[in-house]
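The values are calculated or read from the model by the stated rules, or taken from the named source; none is laboratory data. Quick caveat, the model's predicted, so the values are computed rather than measured. Cβ sites come from the backbone with ideal geometry, for glycine too, and all protein chains shown count toward neighbours.
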Amino acid sequence: LPNYPAPTDDNEGYASFNGPGQLAASEYPAYGDGLSYIEPCLKLTFADGTRTAELEFVTSTVQDDSLTLTLRDAHYPVRLALHYHLHAHDDLLERWVTIYNEGDTAVTIERIFSAQWHVPTGHDYHLRHLVGRWYDEWQLVEEPLTAGTKTLESRRLTTSHHHNPWFTLHRPDQPAAVWFGTLAWSGNWKLTAEVSETKQTRLSLGLNDWDFAWQLGAGETFTTPFALAGYTAEGFAGARRCLHQHIRRHLPHPEQLRPVLYNSWEATMFAVDEPSQKQLAERAAELGVELFVMDDGWFHGRVFDNAGLGDWWPDETKFPHGLQPLIQHVNQLGMQFGLWLEPEMVNPDSELYRAHPDWVIHFPTRPRTPARNQLILNLARPDVQTYLIEKLDALLSQHNIAFIKWDMNRNVSEPGWPNAPADPREIWVRYVQGLYRVWDTLRERHPQVLWQSCSGGGGRADLGILHRADQIWVSDNTNPARRLAMQYGFSQCFPAGTMEAWVTKDEFQTLMGQGDPVHYPLQFRFHVSMMGVLGLGMNLHHLSDAEKAEAQKLIATYKEIRPLVQQGEQFWLVQTETDTAVLYLDESHTEGVLFAFRTFLPEPSAPLRLRLAGLTDTAVYKLEGIGQKTGAEWQATDLALPLGNFESRLLRLTQQPDPLKS
Ligand code: GLA
């Protein structure tokens with residue numbers, strides 16, 4: 001402890017107010033470690049009322065890249081396995097915990113985090129994390145950690161738009177040294193960053209213990225989700241690289257390039273039907289779109305947002321012959337077909353709710369607060385899971401569906417689970433387990449389907465969902481300038497290949513009450529969306545011939561650069577309020593594409609200044625329309641790009657053949 005005397009026999013525990021547990025950097029502290037008041041990872045209550053745990057080390061085993069530390073309680077037959085798995089290729093360590101009740105009475109788990117990490121003692125650290133709200137997700141913030149505990153969490157049943165379990169820690173005087181991590185969980189989570197009185201900084205991450213309890217019966221085990229963390233000496237770019245690489249390789253379809261999609265939502269909202277969708281599909285195919293996605297409005301009784309959720313079969317009026325004629329038409333146009341679903345939800349005005357009003361999350365004595373006129377099905381219930389698996393499996397089996405947008409448009413209220421077979425506070429975890437079960441079963445039965453995770457935009461983006469979904473709908477806000485900031489925040493954790501981004505019409509912003517007088521050129525809007533998985537969301541009938549021709553060209557360019565964007569390495573070169581520049585390079589750093597944007601500068605004559613990064617020093621690179629230099633030269637000199645307000649550039653970078661080798 002550089003700033004404090006080490007504990008000795010005389011001062012150990014600082015008189016009678018602290019014990020060693022308060023001062024030592026304990027790997028997985030339990031509540032019950034003597035005079036210790038730090039954030040524990042584990043809180044148990046035993047059947048006899050004892051509310052502390054005393055963990056003792058038993059053994060450790062190493063197998064290949066995995067380490068398991070076994071601990072047990074000093075008195076009760078409870079064992080813990082702390083699991084570590086090294087992802088050497090990505091320079092990341094995965095941690096999770098299993099608890100075993102080897103006794104014959106139940107134990108109540110009141111908190112069980114996945115991990116706690118300690119950074120070197122005696123320094124001041126800054127925490128970076130992501131905050132937001134619906135329509136304005138993914139804002140990156142940095143703040144100093146001071147004495148006490150900073151908590152970030154979700155209590156909403158989803159990961160949330162508001163906070164994300166991604167974090168970094170660094171010393172402001174050493175920004176290259178970065179600790180970072182995240183949690184693979186799509187429900188309530190909690191992060192605590194604590195600076196103790198001896199200036200120890202520790203960060204814990206795991207399931208949220210708020211309103212949570214789990215009865216661990218005799219002979220039962222419980223396993224936490226995993227946390228993933230790393231350290232890099234290469235700053236925030238290094239942290240991003242490790243996470244991007246790792247996430248990309250663990251997606252359900254890691255190798256597959258993502259198709260350019262069209263989504264009907266912003267064009268037609270709920271007013272979908274067979275003729276109008278066919279016409280939109282024709283326009284989409286002309287532009288070079290590869291996947292046509294019909295959004296909300298297609299299922300039984302769905303005219304507006306007040307009816308239909310839960311009844312997952314085609315609306316008889318809008319689709320009198322079912323979905324087949326539309327899907328066949330889309331396929332004949334050379335495109336794949338995708339569909340919007342919101343499986344976890346039900347409108348009170350639906351066949352499902354009339355048949356099973358007890359299937360929603362609720363307390364019998366409390367009103368069921370609707371949001372967007374809908375209630376949440378209790379996915380902790382096996383009968384609800386079975387219903388969804390059967391209905392959605394039938395839909396996928398009977399139709400040629402290549403893509404599902406899985407939406408989730410509200411957060412929880414009255415989190416009751418009447419007649420729960422377990423402690424009703426288990427709902428927070430059992431709901432997510434149920435969600436994963438439904439999703440995994442459908443994936444297993446329909447492995448070709450690509451899935452998008454949406455929750456009113458970016459409300460459910462995390463490593464847990466990305467083991468199921470291939471891409472994320474980052475935000476309902478498609479204003480390109482707002483998107484640049486959100487894409488920057490999103491990219492701190494998630495790779496561009498998961499970042500679905502649509503080009504929309506400016507009018508949509510006004511429609512959503514976010515009026516913006518600025519008209520962004522079509523190219524600007526495309527370039528912003530081309531930084532991720534390109535999609536189109538505007539009403540295609542409203543495009544002029546000139547706009548169509550431009551869109552066709554931009555889509556064709558996207559298809560050429562898509563491997564770099566979706567599977568390459570991403571370097572954020574500039575990110576200010578007005579200017580953005582991002583470079584994508586392939587794995588061997590021989591080819592790249594540079595995007596540059598200016599939103600608004602009161603004095604727009606100043607050029608955007610950037611320096612390229614990630615290049616091989618000795619190799620010669622040509623930057624389209626600018627010139628040719630060695631990697632070292634590009635990286636040591638400022639490149640001044642003249643950019644007016646609302647202008648963007650997309651420039652290809654290519655390594656030139658080495659004349660000595662030819
Ligand atoms: C959410 C999604 C939108 C759209 C609507 C449909 O708001 O984020 O993209 O799918 O639901 O109701």
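Are any of the residues in the stretch 148-171 without any contact (Cβ under 8 Å) to a residue 60 or more places away in the chain, crowded, with 21+ Cβ neighbours inside 10 Å and of a type in the set (Gly, Ala, Ser)? Within the stretch 148-171, one or more residues are without any contact (Cβ under 8 Å) to a residue 60 or more places away in the chain, crowded, with 21+ Cβ neighbours inside 10 Å and of a type in the set (Gly, Ala, Ser).
In the stretch 256-286, of all residues being of a type in the set (A, V, I, L, M) and buried (at least 20 other Cβ atoms within 10 Å of the Cβ), the one that is nearest to Leu536 (Cα to Cα) corresponds to Leu261. With respect to being over 33 Å from the mean Cα position of the chain (by Cα), in a loop (DSSP other than H, G, I, E, B) and either within 14 Å of the ligand (Cβ to nearest atom) or without any contact (Cβ under 8 Å) to a residue 12 or more places away in the chain (or both), Gly308 falls outside the description. What are the residue pairs meeting all of these: first residue in the stretch 405-425, first residue away from the ligand (no atom under 16 Å from the Cβ) and modelled with pLDDT of 95 or more, second residue assigned to a loop (DSSP other than H, G, I, E, B) and among the β-branched types (Val, Ile, Thr), Cβ atoms under 8 Å, and 6 or more apart or on different chains? The qualifying pairs are Val412/Ile361; Ser413/Thr369; Glu414/Ile361; Glu414/Thr369; Pro415/Ile361; Gly416/Ile361; Trp417/Ile361. Scanning the stretch 265-288 for residues that are small (Gly, Ala, Ser), within 16 Å of the ligand (Cβ to nearest atom) and at pLDDT 95 or above turns up just one, Ala271. The residues on offer are Thr59, Thr45, Thr50, and the sole one that is hydroxyl-bearing (Ser, Thr, Tyr), modelled with pLDDT of 95 or more and within 34 Å of the chain's Cα centre (by Cα) is Thr45. One residue stands out in the stretch 29-51 among those that are in a loop (DSSP other than H, G, I, E, B) and in contact with a Phe, Trp or Tyr (Cβ under 6 Å, 6 or more places away or on another chain): the one that is surrounded by the fewest Cβ atoms within 10 Å (Cβ to Cβ), namely Phe46.
When the residues of the stretch 437-472 are filtered to those that are of a type in the set (Asp, Glu) and either touching a residue at least 12 places away in the same chain (Cβ under 8 Å) or touching a Phe, Trp or Tyr at 6+ places or on another chain (Cβ under 7 Å) (or both), the one that is surrounded by the fewest Cβ atoms within 10 Å (Cβ to Cβ) is Asp440. A single entry from Arg79, Arg72 fulfils the requirement of being in contact with a Phe, Trp or Tyr (Cβ under 9 Å, 6 or more places away or on another chain), of a type in the set (Lys, Arg), closer than 23 Å to Phe226 by Cα and surrounded by 19 or more Cβ atoms within 10 Å (Cβ to Cβ): Arg72. Scanning the stretch 341-371 for residues that are in a helix (DSSP H, G or I), surrounded by fewer than 22 Cβ atoms within 10 Å (Cβ to Cβ) and aliphatic (A, V, I, L, M) turns up just one, Ala355.
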